[in-house]
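The values are calculated or read from the model by the stated rules, or taken from the named source; none is laboratory data. What you see is a predicted model, and the numbers here were worked out from it, not measured in a lab. Heads up, the Cβs are rebuilt from the backbone with ideal geometry, glycines too, and the neighbour counts pull from every protein chain shown.
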Amino acid sequence: MIDAPTKHNEPVAVAGSQAPTRCPRCGVPLATAAVLCDNCGQPTGAGGSAGQWDRPIWFVAGMLVCLGPLALPWVWFHPRCSRSIKGLVTVGVLLLTVGLCALLVLTIWFLLHQIQQLTT
Ligand SMILES: [Zn+2]
């Protein structure tokens, strides 16, 4: 008796091994160590990513205060943060950044104006 040939490109379930993980958003098979989906960029939620992005709220807030918009990925990939909170924090940080940049430009303009008045 001869068994039907198996397809070589299909993942074979081996006892004790994990089934290939798939992206929760688009369903594309993922590498076991993948933190983000190659197709859509969604965090995989697999072991490594949770450890990397699941930080306490004080850590995320501190990073936002210190780094500003550069710390937004800690908000975007936080596994316990809702989508609306992520959007609110993102808009708030970007508005604050634009406001502070405008304030910086005005301050520099004011200082240059004062220096010009002193030299004339
Ligand atoms: Zn995906």
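Considering region 26-41 alone, what residues qualify as being over 18 Å from His78 (Cα atoms) and near the ligand (Cβ under 6 Å from one of its atoms)?
Of everything in region 26-41, those that are over 18 Å from His78 (Cα atoms) and near the ligand (Cβ under 6 Å from one of its atoms) turn out to be Cys26, Val28, Asn39.
Which pairs have Cβ atoms under 9 Å, sit 6 or more apart or on different chains, and link a residue in region 13-30 that is in the same structural domain as Pro43 (by TED's automatic domain parsing) and β-branched (Val, Ile, Thr) to one that is at pLDDT 70 or above and part of a strand (DSSP E or B)?
Thr21/Pro29; Val28/Arg22
With the checklist (1) under 29 Å from Leu100 (Cβ atoms); (2) more than 14 Å from the ligand (Cβ to nearest atom); (3) modelled with pLDDT under 85 in hand, flag the one item Glu10 doesn't pass.
(1)
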